[in-house]
1. Out of (1) of a type in the set (D, E, K, R); (2) within 21 Å of Tyr183 (Cα to Cα); (3) outside any loop (DSSP other than H, G, I, E, B), what's the single condition that is false for Asp47?
2. Please work out if Val230 is in contact with a Lys or Arg (Cβ under 8 Å, 6 or more places away or on another chain), of a type in the set (Val, Ile, Thr) and modelled with pLDDT under 85.
3. Restricting segment 166-181 to residues that are within 8 Å of the chain's Cα centre (by Cα) and of a type outside the set (Gly, Ala, Ser), which is nearest to Arg36 (Cα to Cα)?
4. Given the criteria buried (at least 22 other Cβ atoms within 10 Å of the Cβ), more than 15 Å from the chain's Cα centre (by Cα) and outside any helix (DSSP H, G or I), does Val159 qualify?
5. Take Ala257 and tell me if it is under 16 Å from the mean Cα position of the chain (by Cα) and at pLDDT 95 or above.
6. Would you point out the residue of segment 270-293, among those that are in a loop (DSSP other than H, G, I, E, B) and more than 21 Å from the chain's Cα centre (by Cα), that is surrounded by the most Cβ atoms within 10 Å (Cβ to Cβ)?
7. Cβ contacts < 8 Å: first residue touching a residue at least 12 places away in the same chain (Cβ under 8 Å), restricted to segment 25-36; second residue part of a helix (DSSP H, G or I) and surrounded by fewer than 17 Cβ atoms within 10 Å (Cβ to Cβ), any location; separation 6+ or different chain. Result?
8. Could you tell me which numbered condition Ala188 fails, if it satisfies all but one of (1) in contact with an Asp or Glu (Cβ under 7 Å, 6 or more places away or on another chain); (2) at pLDDT below 90?
Amino acid sequence: MASAFAAPSYGKEPSAYADNVTTAEARGAALEFLRRLAAELSTGTVDLPCFPKVVIQIRKALADPATTPEQTVTIVGAEPRLAARVLQTANSSAFNLSGKPLADLRSAITRLGYRMVQSAAVAFAIQQMKDEHSLRSMVLPMNALWHQCISVASVSQVVARRTKVNPDEAFLTGLLHGIGRLYIMVRAVIESPTIGGEESFRDLVSGWHASIGKAVLENWSFAPEICEAVAEQGNHDRQHKGDADLSDVLIASIVLAEALNTATPQIVDYGAVWSAQRIGLNADNGTPILEIARHHIASLHNALGC
C-alpha cells in the first residue's frame, strides 16, 4: 500500500556508490521511524491524526458490559454522520435480509449487533480520513488498503462459519487487520513523507505492520483475541492445540482473499498454511467460499460507504 507515497527526489543521476549509500541511509531512516512508532505505542501513546475519536468511544462503551442500549444509541447518535451510516448499513441488502426498512437508530443497532456497529464505525472513520485535505496524497493507497480489508472481512465471515468463531467478530477482525499499515502510512505522510516511496521502507512495513497493528488495537482496548489475530496474521506456520480460533480464521482468509483479488485464477496452496488445514479448507470447499465472499463484497462496499 505504501507504494503510492511520494517518491524522494535525488536531483542528478547518482553514481552506483552514492546510490548504495543513499539506500542504506534511507533504510536506516525508515527503520528508525518505525522503531519510534513502536516505542510510542509501548508507552500507551496512540497518535493517528484525523481518526475520529467517536470510534474509540464506541469501542470502549461496547466493551463495557454495564453499557445500556440507550447509552449506545446516545454515543452513536452524537455523531450524525455516523448515525446515518449505521442506519444505511442496517438497511442495506447485506444486512437487511427481511427487506423491512428501519427508521430509528436503536432498531438499526439491534439488527446489526455490537460487532457490526463497530465495523460501521471503522468504515466511517476511514471515510473521514480519506476526506481530510492533509491526507489527500494517500487516498489511492488508502482505497487499495480498504478494498483489501473488506475482501478479507468478507472471506473471514464465511470461513468463520466453518468453525466455532463468531462470524461477526471475524468480520470485524478482517476489517481491522490492516490498521498497522494505515497507522504507518498516515504517520509517514504527515511526519516523514520522503521515506514513504523508498523500497526499503515498503519492505520494512511488511515486517512491522502486524505488531504495530496489535499495539494500536491493544491501546484502543479491543478484545485480546482480535489483537492477537492481527499480530499473527502472516504466520502460516502457527500451530496450537484445540479447535480453530480467530487467528486461524484471519490467517487463512488473508490467503484466500489474495486469490480473490487476483486478476487471473490463482491456485491456493492450502497445505502450506497450517491454519487452513486446521479449519479443513481445501480446493473443493475453498472455491465456493470465494464465490460467496465475492457475491457479498459489492454490497459491503455500498453498505459501509467506502
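The values are calculated or read from the model by the stated rules, or taken from the named source; none is laboratory data. Only a predicted model underlies this, so the values are computations on that prediction, with no experimental measurement involved. All Cβ positions, glycine included, derive from the backbone under ideal geometry; neighbour counts span all protein chains shown.
1. Among (1) of a type in the set (D, E, K, R); (2) within 21 Å of Tyr183 (Cα to Cα); (3) outside any loop (DSSP other than H, G, I, E, B), Asp47 violates only (3).
2. On the way: in contact with a Lys or Arg (Cβ under 8 Å, 6 or more places away or on another chain): yes; of a type in the set (Val, Ile, Thr): yes; modelled with pLDDT under 85: no.
Spelling it out, it is not the case that Val230 is in contact with a Lys or Arg (Cβ under 8 Å, 6 or more places away or on another chain), of a type in the set (Val, Ile, Thr) and modelled with pLDDT under 85.
3. That would be Ile179.
4. Numbers: buried (at least 22 other Cβ atoms within 10 Å of the Cβ): yes; more than 15 Å from the chain's Cα centre (by Cα): yes; outside any helix (DSSP H, G or I): no.
Answer is no for this residue.
5. Criteria not met by Ala257.
6. Filtering segment 270-293 for residues in a loop (DSSP other than H, G, I, E, B) gives 273, 280-282.
Remaining after also requiring more than 21 Å from the chain's Cα centre (by Cα): 280-282.
Values: Gly280: 11, Leu281: 23, Asn282: 13.
Going through the qualifying residues, I end up with Leu281.
7. If the second residue must be part of a helix (DSSP H, G or I) and surrounded by fewer than 17 Cβ atoms within 10 Å (Cβ to Cβ), the pairs left are Phe33/Glu191.
8. For Ala188, the failing item is (1).
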